[in-house]
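No lab work stands behind these numbers, since they all come straight from the coordinates. Worth saying up front: this structure is predicted, and the values here are computed from it rather than measured. FYI the Cβ positions are ideal-geometry reconstructions off the backbone, even for glycines, and counts take in every protein chain you see.
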Amino acid sequence: KNFIQKSFGHWLFCHWTLLVIWCLVIGIYGCRPQRLYKDTQVLMGTFVEVTSPAKEAAGIVFGEIRRIESLLSKYDPDSEVARLNRNGELKVSPETFYVINKSYELWSASSGAFDITIGLLVDLWGFTEKEYYVPTEEEVNDVLELVGMNKIILNPLNNMIKFTIPGIKIDLGAIAKGYAADCAVEKLRESGIQSCLINAGGQVYCLGDKAGSPWKVAVKDPRGSQAIDYLELKNSSVSTSGDYEQYFTKEGKRYSHILNPRTGYPADSGILSVTVIAPSGLTADALSTSIFVLGKEKGMELAKKFPGVKVSIIEKNNKWQN
Ligand code: AMP
Ligand code: MG
């Protein structure tokens, strides 16, 4: 009996000891903050920052964004967009066709406020080469003849894009980064990576969460360097369009890079910055630019057409509103 009691006691002791050690291991491991890898590269004319617990995430994101850039960048003479702009017609890849077709839908939904055919106008104001210039009214009106999404033909049967007037130029600066982020997220998911934050110069995608908590994204004060709000996001994208991102001043007047395709002049809708949260990067990116042009009321009406979209606007009177 004594022997049985002794071995039972020994067995119990061993198990308790093992249990305590096991709890300690789990406790220490669980309390340790999750290691996050961070990497940055300049792509699509901006800093692309990737944060993820997966070491290989940054390489996957950079590779995919570089691939999309080589299709859509107007600065790369070999890209499909550059060749289309030069030739006036081109049979493009399904991806380029998809982005241009989405741009067409956005043009239609925004009553022309979002218009990728503003290429020549962006050049005229000097935003392409960063050699800023205030054009004359005549110059603006001449260029407006070559602006308008109704002046291009999209053929979904053979992915052919054709300009009806030679000389039109498209510029995907308001939508390409969002689309590139979506493509990068798809590649991450295919590789089994479920947690990653991509920030491509104000165009953010939050894949999954950060060790069980949402990713935190700062919203910048358009007239200061501080954050004015923090958004907590999982599996969604956030995009900000603001008059502070690219602009120049002449005789005390500020001219920003988002143009009103109707007037040919920088958008002047009373908005300083607009932040859009959407399920996809493409939608967030295109909508933030469109709402910047449309102004608060019409912009909010447009946003209502898109499910799962939230909008925050800072107007000139400096109100932060949802
Ligand atoms: P974002 O920073 O996403 O708002 O995009 C701004 C960029 O989109 C500009 O630098 C131009 O290249 C282009 N853009 C400017 N105005 C418009 C517009 N009304 N519709 C579409 N793209 C535009
Ligand atoms: Mg945009």
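Observations
- For LYS210, distant residues with modelled amide H under 5 Å away: TRP215
- Dimensions in Å of region 252-294 - Rg and Dmax from alpha carbons: 11.3, 39
- Globularity index of region 189-322, i.e. its alpha-carbon radius of gyration over 2.2 N^0.38 Å: 1.09
- When you count the other C-beta atoms within 10 angstrom of each residue and take the mean per peptide, 54-67, 296-309, 207-220 line up highest first as 54-67, 207-220, 296-309.
- In terms of distances greater than 24 angstrom between alpha carbons, the cross-link table entries LYS253/LYS305; LYS187/LYS216; LYS74/LYS162 yield LYS253/LYS305.
- Highest average packing first - 169-178, 187-196, 150-159, 271-280, Cβ atoms within 10 Å: 169-178, 271-280, 187-196, 150-159
- Close amide H contacts of TYR37 (hydrogens built in the peptide plane, cut-off under 5 Å, sequence separation of 5 or more or a different chain): SER52, ALA54.
- Simple Cβ-charge dipole of region 234-285, Lys/Arg +1 and Asp/Glu -1, about Cα centre, in debye nearest 20: 40
- Among LEU124, VAL134, VAL185 the positive-end extreme of the charge dipole of region 106-236 (Cβ point charges): VAL185
- Computed extension length for THR164-ASP76: 29.3 nm, one decimal, from 0.36 nm per residue of separation with the Cα-Cα distance subtracted.
- Computed on region 170-230, with alpha-carbon pairs under 8 angstrom and 6+ residues apart, the relative contact order is 21 percent.
- Rounded to the nearest 20, the size of the Cβ-charge dipole of region 126-260 about its Cα centre is 480 debye, with Lys and Arg at +1 and Asp and Glu at -1.
- Taken along its principal axes, the alpha carbon cloud of the chain reaches lengths of 107, 48, 35 Å, longest axis first.
- Each residue of region 236-241 was assigned a 3J(HN,Hα) from its phi angle through the Karplus expression (A = 6.51, B = -1.76, C = 1.60, θ = phi - 60°), giving 8, 10, 9, 10, 10, 10 Hz with x at Gly and Pro.
- Taking the chain as a Gaussian network of alpha-carbon nodes connected by springs under 10 Å, the highest mean-square fluctuation of the residues PHE248, PHE292, PHE114 belongs to PHE248.
- Cα-based reach from LYS220 at 15 Å (exclusive), listing aspartates and glutamates while leaving out same-chain residues under 8 positions away: ASP229, GLU232, ASP243, GLU245, GLU315
- Rg(Cα) / (2.2 N^0.38 Å) computed for region 266-322, rounded to two decimals: 1.01
- Its Cα centre serving as origin, region 49-89 has a Cβ charge dipole (Lys and Arg +1, Asp and Glu -1) of approximately 40 debye.
- Considering only alpha-carbon pairs that sit under 8 angstrom and 6 or more positions apart, the relative contact order computed for the chain is 15 percent.
- Inter-label distance, nm, simple model (7 Å from Cα along the C-beta direction), ASP209/LYS151: 5.0
- Helices of the chain meeting both criteria, an alpha-carbon length of 15 angstrom or more along the long axis and an average Kyte-Doolittle score not below -0.5, with helices taken as full DSSP H segments, are 2-31, 57-72, 94-109, 176-190, 281-294.
- Taking 12 Å as the straight-line reach from the Cα of LYS130, none of the aspartates and glutamates fall in range once those fewer than 8 positions away in the same chain are excluded.
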